[in-house]
1. Excluding residue 50 itself, calculate the net charge of residues whose Cβ lies under 15 Å from the Cβ of residue 50, where each Lys or Arg counts +1 and each Asp or Glu counts -1.
2. For the chain, what is the mean residue ellipticity at 222 nm derived from helices alone (per DSSP H run of n ≥ 4: -39500 (n - 2.57); sum divided by total residues; nearest 500 deg cm²/dmol)?
3. Just 50, 139, 42 to compare: in a GNM of the chain, with alpha carbon springs under 10 Å, which one fluctuates most?
4. What net charge is computed for the residues neighbouring residue 33, neighbours being all others with C-beta under 12 Å from the C-beta of residue 33, Lys and Arg scored +1, Asp and Glu -1?
5. Let's see if you can work this out: charge +1 on each Lys and Arg Cβ, -1 on each Asp and Glu Cβ, no other charges. What is the dipole magnitude of region 1-148 about its Cα centre, in debye to the nearest 20?
6. Quick one: check the C-alpha center-to-center distance for region 67-83 versus region 194-223, whole angstrom.
7. Here is the link list: 139/172; 3/121; 3/42; 172/195. Which ones come out longer than 24 Å on Cα distance?
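Here, each number is a calculation from the coordinates, and none is a lab measurement. This structure is a prediction, so every number in the text was calculated from the model and none was measured. With ideal geometry, Cβ positions are generated from the backbone for all residues, glycine too; neighbour counts draw on all protein chains shown.
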Amino acid sequence: MYKTQGDALAFLQEFLTHLTETSDDREAVLCVPFTALGTLSKNLHGSRVKLGAQNIHWEDEGAYTGEISGEMLSELGVRYVIVGHSERRQYFGETDETVNRRLLAAQRHGFTPILCVGETKQQRDAGETDSVIEAQISKDLVDVDQSDLVIAYEPIWAIGTGDTCEATDANKVIGNIREQLTNKDVPIQYGGSVKPGNIDDIMAQSEIDGVLVGGASLQPEGFGRIVNFQ
């Protein structure tokens with residue numbers, strides 16, 4: 001929940017200056033607040049950056065105050081939708097059942113959903129990381145088309161805390177996630193205190209296909225460095 005429409009446009013204009021030499025095999029997606037979607041959509045045409053939303057409701061319309069539908073997002077040029085982010089699960093009562101319904105709605109409207117899974121510090125300390133994530137994956141992906149999907153492993157204890165999961169540990173967990181999928185080619189990202197200073201190490205790992213960036217995405221130069229990892 002950052003940036004007004006004016007802030008978002010100023011961010012985009014500077015961010016794009018850092019992508020002029022970016023390799024063609026890199027894809028950058030900005031998943032912005034709903035109020036900024038229209039502004040960015042109008043200013044992204046012809047650029048290499050795709051537009052994403054931070055949530056989607058499972059119904060196309062109805063008495064769901066504060067939610068947003070796929071049809072509303074479609075006319076704004078949205079291509080990706082984050083589903084099941086840990087903050088949605090932690091603060092807003094998101095369950096694996098509602099995550100599944102949102103995933104199905106996203107695909108029904110032609111969006112690529114970015115499914116977030118991950119464990120808490122308490123679960124990690126108890127050695128439950130793999131079992132927690134396996135349970136999330138099995139419930140979240142019921143009837144979901146794995147040919148049009150992105151998964152983000154975000155250890156909740158590493159989000160906004162400055163604590164980063166060791167790259168080799170994240171690689172192991174992501175490898176375990178991949179083993180559960182029927183489509184082994186699903187892109188799997190790491191998210192959790194990703195910064196310009198650790199991006200090269202993270203992306204050197206064999207199982208990690210990309211990153212879901214939080215606070216470090218708010219600064220155009222730093223986020224550009226992340227996109228242009230070495």
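1. 0
2. It lands at -11000 deg cm²/dmol.
3. Answer for the Gaussian network model of the chain: 42.
4. On the way: positive: 3; negative: 7.
Surrounding charge for residue 33 is 0.
5. Approximately 440 debye in magnitude.
6. 25
7. Exceeds cut-off: 3/121.
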